[in-house]
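Worksheet: the structure to be examined is printed underneath.
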Amino acid sequence: MYRFNYHKPDGMDAAQQLMADAEDGVYLSGGMTLIPTLKARLASPTDVIDLSGLALSGIELADDSLTIGALTLHSEVAAGNEISSLSNLALAIGDAQVRNRGTIGGSIANSDPGADYPAAVMALGATINTTAGAIDADDFFQGLFETALEPGAIVTSVTFPVPGRAAYEKFPNPASRYAVVGVMVAETNGDIRVGVTGAGPCAYRQRNFEQALADNFSVAALDGLEVDYAEFNSDIHASAEYRGHLVGVMARRAVAQIT
Amino acid sequence: MAEAHDLKVIGTRPVRPDGVEKVTGRANFGADLYLPGMIHGKVLRSPYAHARIKSVDVSGALAMEGVLAAVSRSDFPEETDDLGQNVIARDKVLYHGHAVAAVAASTPLLAEQALDAIKVDYDVLEPVLSIDQAIADGATLVNEQMHTNGDASQPASNIAAITKFERGDAEKGFAEADVVVEGEFRVPMAHQGYIEPHACTATINEEGKITVWCSTQGHFDVRTQTAAILGTSISKIKVIASEIGGGFGGKLSVYLEPLAVKLSELSNRPVRMVMNREEVFRATGPTSATWCKAKVGAKKDGTITAATAWLSYEAGAFPGAPVGPGCMSVLAPYDLENFSIEGLDVLVNKPKVAAYRAPGAPQAMHAMECVIDDLARELGMDPIDLRLKNAADEGTQAPYGPKFPAIGLKACLEAAKAHPNYTAPVPEGCGRGVACGFWFNIGMQSSAEVLIREDGTVIINEGSPDIGGSRASMCLMAAETLGIPYDRINAHVADTESTGYCNMTGGSRTTFATGMAVVQACEDIIAQCKERAAMTWDIDADQVDWDDGQAVPKPGVNADVDPLSLADIAKTWGRTGGPILGRASVNAQGAGAGFSVNWTDLAVDRETGKVDVKAYTAIQDAGRAIHPAYVEGQMQGGAAQGLGWALNEEYIYDDNGVMENAGFLDYRVPVASDLPMIDTQIVEVPNPTHPYGVRGVGETPITAPLAATSNAVRDALGFRVSELPMSPPRLLEAIDSQEG
């Protein structure tokens with residue numbers, strides 16, 4: 001780890017001011033990605049701004065949507081039962097230690113290709129609420145560790161419409177439990193969405209799957225559908241082709257859960 | 001030898017003496033020593049897998065404030081052996097991560113920054129990264145002076161040595177066979193997976209006396225190796241073994257200690273050096289990647305008529321792959337008239353391999369036990385029946401020479417056949433795989449001193465670092481011998497100046513050989529106590545018995561006295577000759593060979609290639625289990641490591657010889673949630689040469705799991721996958737290519 005200045009602001013404005021003033025600042029939420037990155041010296045920020053003093057934690061159920069504060073822990077989402085597929089997803093993140101430190105806001109803002117939540121954000125059509133306004137799921141993830149988040153802005157909460165039915169299936173990395181590929185299939189008010197994480201540089205929707213399932217919501221509807229894996233991630237754990245194959249397998253298994 | 005039903009303490013399961021300190025974090029490991037004025041050492045490592053070193057200049061580092069010493073090859077004797085060249089590179093760097101220089105500075109961070117100020121000029125060479133590359137015609141040479149088996153009349157080669165074992169006529173045996181099966185198998189480099197990185201602290205005083213505190217499996221070996229590399233006398237060095245956070249063979253060689261001593265000498269300060277995980281992966285010894293061929297022929301009734309094995313092992317950058325033990329083990333479970341075994345020790349530009357639990361045996365036995373499984377399938381025989389038909393037994397000549405005394409292979413096979421996990425049908429959708437395991441075990445040299453405190457409680461001093469609960473085992477054997485309760489005894493791993501010479505903890509020798517010394521030292525105590533009692537009672541010592549922890553007059557001896565306990569004798573020892581201490585040393589022979597039978601039921605997800613291990617059973621002959629819970633723990637740990645190696649673990653190198661997964665996030669050891677309950681059954685066929693019948697139990701457990709797992713995957717899929725690890729992408733590819 002290299003030296004950096006540590007700050008723990010107690011308000012949103014103070015946090016953003018610190019970020020504006022920093023030469024090369026980063027926000028720290030649960031630190032589940034940032035801390036190992038710092039330890040491995042893959043990042044050398046001048047300032048680390050710890051958001052844990054902000055009041056951004058909690059789960060709120062409205063008529064047809066669930067709003068989860070950005071600092072809410074994975075273990076807290078896992079313990080909820082408002083959207084069972086989302087709770088199951090949270091329960092499959094990392095291990096108990098990670099679930100007790102990691103936050104939904106951190107996971108989403110980081111846009112790690114192996115993170116689980118982005119699949120749910122895409123499949124459920126969530127809205128990401130930030131200090132610079134709300135952003136639709138479809139606009140949020142823009143690339144490897146890249147989002148539509150304004151510079152210096154902070155994710156404050158995520159609002160998930162409660163789906164009619166939804167299921168998440170993932171193929172975990174055997175060591176880290178990151179998603180090699182994770183797929184969430186959801187039907188919300190008749191609208192079918194398939195969110196994929198792990199496979200590509202960032203989470204995306206598998207549109208041809210969505211169309212097939214809209215015509216015929218069944219496992220068989222996905223048979224033979226192509227997944228274009230040309231731009232997928234390829235690393236020591238899995239080739240792009242293998243990831244492409246897993247998108248189909250995980251999607252079929254998710255559909256099987258809810259048909 | 002004591003019969004099992006006579007034993008009072010051996011075979012019980014008391015809490016281990018080192019347990020509480022470990023789980024509370026109080027135990028002091030290799031990195032936990034703080035000395036006044038201590039500074040911190042770091043190693044500069046080669047960025048190339050193969051390069052000639054043109055020059056090393058440490059002056060830039062030395063010019064930095066807070067940097068107190070820097071060393072490179074020129075600070076060590078020119079004449080050095082492989083180990084010395086591994087600790088600090090001389091003419092060439094031979095693997096990515098090879099140590100080139102080291103610095104010591106007031107803080108670890110400063111030491112690390114100082115590494116950047118060291119200038120090394122390299123002439124980069126082509127790396128040799130696999131056996132195939134190394135033995136190909138015209139291969140680049142890792143060592144231009146290396147000739148196979150030292151035969152300088154032949155051209156230089158990357159094959160350091162060829163080992164051969166033969167008996168009878170294998171070709172004739174194959175000609176007599178009704179069925180012949182063969183296979184070719186590859187097993188990757190794997191890491192022992194010890195949690196504690198290598199760490200030491202060294203200090204040298206004004207008189208040149210060196211003290212090293214380190215995490216090691218053999219502090220006497222650290223003394224020998226460090227003295228040799230520094231060109232000094234062992235009498236100048238004291239080594240203290242810290243608590244050890246796992247070793248499995250990986251902590252038998254020095255890496256940091258000679259550097260730390262040299263840095264201490266130059267800085268006149270104590271120097272601590274601690275590797276990070278990445279350094280452990282890149283620069284310390286894993287076990288060999290192997291390429292093995294196995295062939296076996298048999299009559300229709302299952303009688304094996306011939307077997308051959310060709311075993312080639314990557315040694316890393318210096319000779320010394322565990323191919324010898326591989327050759328010894330590969331056919332050990334079978335009573336054969338005709339066989340031939342050939343083993344190759346092959347240099348490549350990767351870290352020098354180290355021991356890993358039954359070094360060399362898992363890879364070779366994987367090949368042969370897979371072929372034996374295929375043979376059972378060809379013959380339509382139960383795999384245990386086929387093994388029983390050919391099993392080695394008392395009197396069988398081992399492939400490596402001696403005749404086996406009493407061994408437990410048949411007992412393990414019979415126990416497996418009768419085990420409810422084996423008689424139960426294979427679960428729907430699963431495959432089942434069986435394999436035998438073997439390790440010859442070793443004896444070697446151990447010393448023990450047994451000291452009596454003035455209240456009659458007992459201290460054992462011995463020299464075997466405790467990597468598997470051996471202090472508890474020593475206390476149990478001492479308690480049994482002395483006839484006193486377990487909790488009145490402490491065992492202590494003494495430093496190199498506080499106990500007699502002792503070989504390393506390895507070869508599953510500690511409970512056997514050091515245990516033998518402890519038992520003999522306790523017998524020495526008993527003999528002395530009898531003399532003290534005789535003196536007290538004014539009778540002859542041979543008229544005294546030691547019964548249940550007390551001196552008593554022999555039946556018929558006319559002495560109307562109360563028995564004397566150790567505490568009683570201690571209370572009056574001032575009048576009978578002073579304090580009592582016992583001692584013994586052994587060069588133990590006759591370490592009984594350990595055999596096992598393992599099987600697993602597992603399912604393969606044909607859509608993803610992922611293996612789900614549903615059940616695992618290990619049966620092993622322990623001779624006699626001193627502490628059964630630790631024997632079971634060894635069996636379970638070996639199964640876990642073997643499953644990891646079979647299914648997921650491997651060192652992944654890029655084309656330049658740089659490891660791509662040098663950390664536990666990418667090097668995939670199994671965790672508890674990956675594993676089923678590993679059921680164990682201990683078989684006890686006592687080893688006649690040990691007073692309580694002990695056989696080593698630490699290594700045999702990892703010799704069967706690779707093949708058991710491979711055979712179960714074979715059973716589940718209907719075809720064989722011959723390359724490990726059977727990771728999901730590899731299995732899916734195999735499934736797809738089978739299904740066309």
- Name the cysteines of chain B that stand alone by the Cβ rule: no other cysteine Cβ under 4.7 angstrom. B:CYS292, B:CYS327, B:CYS370, B:CYS412, B:CYS430, B:CYS436, B:CYS475, B:CYS502, B:CYS522, B:CYS529
- Item | For region B:102-218, Kirkwood radius (reciprocal of mean inverse C-alpha pair distance, Å) | 21.2
- Message: List the pairs from B:LYS119/B:LYS209; B:LYS299/B:LYS417; B:LYS119/B:LYS350; B:LYS42/B:LYS352; B:LYS164/B:LYS251 whose alpha-carbon separation is above 26 Å, in the order I gave them.
- Response: B:LYS119/B:LYS209; B:LYS164/B:LYS251
- Note on the structure: Of every hundred units of 1.4 Å-probe accessible area on region A:1-158, the number belonging to carbon and sulfur atoms, as a percent, is 47
- Relative to the Cα centre, what is the charge dipole magnitude of the protein assembly as shown, using +1 at the beta carbon of each Lys and Arg, -1 at the beta carbon of each Asp and Glu, and rounding to the nearest 20 debye? 1460
- Query: For chain B, what does the alpha-carbon gyration tensor say about shape, rounded, prolate or oblate, given a ≥ b ≥ c as the root eigenvalues, a/c under 1.5 as rounded, and a/b over b/c as prolate?
  - Reply: oblate
- Task: Can you bin region B:244-335 into rounded, prolate or oblate? Criterion: square roots of the alpha carbon gyration tensor eigenvalues sorted a ≥ b ≥ c, rounded for a/c under 1.5, prolate for a/b above b/c, oblate for the rest.
- Result: prolate
- Under a plain spin-label model, where a point goes 7 Å from the Cα along Cα-to-Cβ, how far apart in nm are A:ASN189 and A:ASP24? 4.5
- Membrane-span-like helices in chain B: DSSP H runs reaching 20 Å or more (Cα, own axis), mean Kyte hydropathy at least 0.0? B:361-379, B:515-537, B:628-647
- Query: To the nearest 20 debye, what charge dipole does region B:293-409 have about its Cα centre, counting +1 at the Cβ of each Lys and Arg and -1 at the Cβ of each Asp and Glu?
  - Reply: 320
- Run the numbers on region A:231-259: which residues show a drop of 30 Å² or more in accessible area, chain on its own versus all protein chains together, using a 1.4 Å probe over heavy atoms? A:ILE236, A:HIS237, A:TYR242, A:HIS245, A:ARG253
- Note on the structure: Taking a crude spin-label model, label points 7 Å out from Cα along the C-beta direction, the B:ASN205 to A:ARG165 distance in nm is 8.0
- Note on the structure: Averaged per residue, the 1.4 Å probe accessible area of the protein assembly as shown, protein heavy atoms only, in Å², is roughly 38
- Over all pairs of distinct alpha carbons, what does the Kirkwood formula give as the hydrodynamic radius of chain A, in Å? 18.5
- Rank-order B:154-166, A:105-117 by packing density, defined as the average count of other C-beta atoms within 10 Å over each peptide's residues, highest first. A:105-117, B:154-166
- Note on the structure: Averaged over all viewing directions, the convex hull of the alpha carbons in region B:164-205 casts a projected area in nm² of 7.9
- Note on the structure: Sorting A:GLU23, B:GLU126, A:GLU76, B:GLU650 on solvent-accessible surface, 1.4 Å probe, most exposed first, gives A:GLU23, B:GLU126, A:GLU76, B:GLU650
- Task: Determine the residues within region A:155-202 where the difference in accessible area between the chain on its own and the full set of protein chains amounts to at least 40 Å²; count protein heavy atoms only and use a 1.4 Å probe.
- Result: A:PHE171, A:PRO174, A:ALA175, A:ARG177
- Query: Once Lys and Arg get +1 and Asp and Glu get -1 on their Cβ, which of B:ALA298, B:CYS327, A:GLY164 lies farthest toward the positive end of the dipole of the protein assembly as shown?
  - Reply: B:CYS327
- Query: Taking a ≥ b ≥ c as the square roots of the eigenvalues of the Cα gyration tensor of region B:6-103, is the shape rounded (a/c under 1.5), prolate (a/b larger than b/c) or oblate?
  - Reply: prolate
- Message: Students often check this: by mean Cβ neighbours within 10 Å, which of B:624-635, B:170-181, B:602-613, B:78-89 ranks highest, and how do the rest follow?
- Response: B:624-635, B:602-613, B:78-89, B:170-181
- If you place +1 on the Cβ of every Lys and Arg and -1 on the Cβ of every Asp and Glu, how big does the dipole about the Cα centre of chain B come out, in debye to the nearest 20? 780
- Within 10 Å of each Cβ in peptide B:659-670, how many partner chain Cβ atoms are there on average? Round it to a whole number, please. 3
- Length gained, B:ASP542-B:LEU35, 0.36 nm per residue minus C-alpha separation, equals 177.3 nm
- Item | Inter-centroid distance (Cα atoms) of region B:120-138 relative to region B:273-346, Å | 23
- Task: Give the Debye-formula value of log10 I(q)/I(0) at each listed q (0.18, 0.24, 0.25 Å⁻¹), with one equal scatterer per alpha carbon of region A:165-257, two decimals each.
- Result: -0.72, -1.21, -1.30
- Item | Calculated P(r) tail over 15 Å for region B:137-195, as whole % of Cα pairs | 73
- Message: Give me the summed buried accessible area for the B-A pair, 1.4 Å probe, to the nearest 100 Å².
- Response: 1600
- What is the calculated FRET efficiency for B:GLU3 to B:GLU394, with r their C-beta to C-beta distance and R₀ = 25 Å, to the nearest 0.05? 0.85
- Message: Among B:CYS529, B:VAL557, B:CYS502, which residue has its Cα furthest toward the positive end of the charge dipole of region B:443-588, with +1 on Lys/Arg Cβ and -1 on Asp/Glu Cβ?
- Response: B:CYS502
- Ratio to report: Rg/Rh of the protein assembly as shown, with Cα atoms as the point set and Rh obtained by the Kirkwood method; give two decimals. 1.01
- Message: Which order do the peptides B:432-438, B:504-510 come out in when sorted by mean C-beta neighbours inside 10 angstrom, highest first?
- Response: B:432-438, B:504-510
- Hull volume per residue for region B:443-588, using the convex hull of the C-alpha atoms, in Å³ is 100
- Note on the structure: Per-residue ellipticity at 222 nm attributable to helices in chain B (runs of n ≥ 4 DSSP H, -39500 (n - 2.57) apiece, nearest 500 deg cm²/dmol) works out to -8000 deg cm²/dmol
- Which percent of the accessible area of region B:339-460 is formed by carbon and sulfur heavy atoms (probe 1.4 angstrom)? 50
- For region B:584-627 the residues that are at least 50 Å² less accessible with all protein chains than alone, 1.4 Å probe, are B:GLU607, B:THR608
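The values are calculated or read from the model by the stated rules, or taken from the named source; none is laboratory data. This is a predicted model, so every value here is computed, not measured. Quick reminder, even Gly has a Cβ in these numbers, built from the backbone with ideal geometry, and neighbours come from all protein chains shown. Heavy atoms of the whole protein, side chains included, go into the accessibility calculation; ligands, DNA and RNA do not. Shrake-Rupley method; radii C 1.70, N 1.55, O 1.52, S 1.80 Å.
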